[in-house]
Amino acid sequence: RYSGGRSEHPIDRSSNALKRDPNKCIMCRRCETMCNEVQTVGALTAFGRGFDTVVAPAEMQPIVNSSCVYCGQCVSVCPTAALTGVGYIQDAWNALFDPKKKVVVQVAPAVRVAIGEEFGMPVGQAVTGKLVAGMRRLGFDAIFDTTFGADLTIVEEAKEVIDRLQSNQHLPILTSCCPGWINFLEHQFPSLKYIASTCKSPQQMTGAIIKTYYAEKMGIDPKDIVVVSVMPCIAKKYEAALPSEMTYGIRDVDIVLTTRELAKMLKEGSVDLRHMPEEDFDNPLGYSTGAGIIFGGSGGVLEAALRTVY
């Protein structure tokens, strides 16, 4: 240990997606450069001089009160874990070991082509069947594909496109699937926020269907269902916790894990995807179309919507 003074700042835990621990900051300013120059969000800047300098949101506000969009790019470049995503691994384990809870997991398309790398598999290789088998070994009661929710989103978004074309209002239409993008639009271009689609994102759409349609079909009280989402971005943690993302007073999605968090859970459960057999998603929410699949590509959401409109 080095002798001398240490800067002390309160840890910012105001957000459900991002945690700031300025005491670990080495003032490399990578997060500031990423936030301001690359992402053009402008949520982080330096305050103070000399030993008292600290990187923080404007006016030293908590991150939840800033213009942060939770894109996670500051987390990806921080070398000391001064910026990290909020982890929910223990919450997921607690739910899995609770005999009174029915734990249902949904998986985003991006996860299946990213998680294999954590187990030494070729970068970009789709491991859908192996991933389903691995999650089943962890004890999830049902495993669904978020692409099913994407299909529902497209049906609703296509209807919205038609309504806007017929009324010739609020055009053009922009997708609402990414909470980071919606935040960016609302913070940076508030006069244009009406352009975004009013549809729920596929994550929230799937969660709502699980807590309503699926719960009714299976005869389960929605309060006894825990919906876990595996997503590629920490912005989804923020989205799931929004007060607006509830159906009949019940949260659509209870826990959001990133791809890395799921990989850690699989390793904690001694599950190696390389040696897993191929298994299918559970039905009926495991079926999906090509419209939902192309959500993962740039421009894919609107292309799927326009195909459906046609």
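The values are calculated or read from the model by the stated rules, or taken from the named source; none is laboratory data. Just so we're clear, the structure is a prediction, and the values are computed from it rather than from any experiment. Every residue, glycine among them, receives a Cβ derived from its backbone with ideal geometry; neighbour counts consider all protein chains shown. Surface areas here come from the heavy atoms of the whole protein model, side chains and all, with no ligands, DNA or RNA. Shrake-Rupley method; radii C 1.70, N 1.55, O 1.52, S 1.80 Å.
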Matching residues in the range 99-113 - criterion: being crowded, with 20+ Cβ neighbours inside 10 Å and assigned to a loop (DSSP other than H, G, I, E, B): Ala108
Options Ser67, Ser3: the member that is among the hydroxyl-bearing types (Ser, Thr, Tyr) and in contact with a helix residue (DSSP H, G or I) (Cβ under 9 Å, 6 or more places away or on another chain): Ser67
Qualifying residue in the range 282-296 (condition: open to solvent by 70 Å² or more (accessible area, probe 1.4 Å), of a type in the set (D, E, K, R) and either farther than 13 Å from Asp151 by Cβ or in contact with a helix residue (DSSP H, G or I) (Cβ under 8 Å, 6 or more places away or on another chain) (or both)): no
Filter result (closer than 16 Å to Gly180 by Cβ and in contact with an Asp or Glu (Cβ under 7 Å, 6 or more places away or on another chain)) within the range 26-72: Leu44, Ile63
Of the criteria (1) closer than 30 Å to Gln188 by Cβ; (2) aromatic (Phe, Trp, Tyr); (3) not in a loop (DSSP other than H, G, I, E, B), which one Tyr70 fails: (3)
Arg274 under 19 Å from the mean Cα position of the chain (by Cα) and charged (D, E, K, R): no
Residue count, the range 181-230 (criterion: under 17 Å from Gly249 (Cα atoms) and open to solvent by 70 Å² or more (accessible area, probe 1.4 Å)): 4
Failed condition for Tyr194, given (1) at pLDDT 95 or above; (2) closer than 24 Å to Cys71 by Cα; (3) of a type in the set (Phe, Trp, Tyr): (1)
Scan of the range 5-47 for residues that are open to solvent by 80 Å² or more (accessible area, probe 1.4 Å), of a type in the set (D, E, K, R) and in a loop (DSSP other than H, G, I, E, B), ordered by number: Arg6, Glu8, Arg13, Arg29
Qualifying residue in the range 62-85 (condition: farther than 27 Å from Met34 by Cβ and crowded, with 17+ Cβ neighbours inside 10 Å): no
Residue under evaluation Tyr2, criteria (1) surrounded by fewer than 12 Cβ atoms within 10 Å (Cβ to Cβ); (2) closer than 27 Å to Glu186 by Cα; (3) modelled with pLDDT under 90, criterion not met: (2)
The range 146-163, residues that are among the charged types (D, E, K, R), under 22 Å from Leu192 (Cα atoms) and open to solvent by 20 Å² or more (accessible area, probe 1.4 Å): Glu156, Lys159, Glu160, Asp163
Condition met for Asp254 (touching a residue at least 12 places away in the same chain (Cβ under 8 Å), crowded, with 21+ Cβ neighbours inside 10 Å, under 30 Å from Glu118 (Cβ atoms) and charged (D, E, K, R)): yes
Every pair of residues 6+ apart whose Cβ atoms lie under 8 Å, when the first sits in the range 48-63 and is farther than 19 Å from Cys74 by Cα while the second is open to solvent by less than 100 Å² (accessible area, probe 1.4 Å): Gly48/Val54; Phe51/Gly5; Phe51/Ser7; Asp52/Ser7
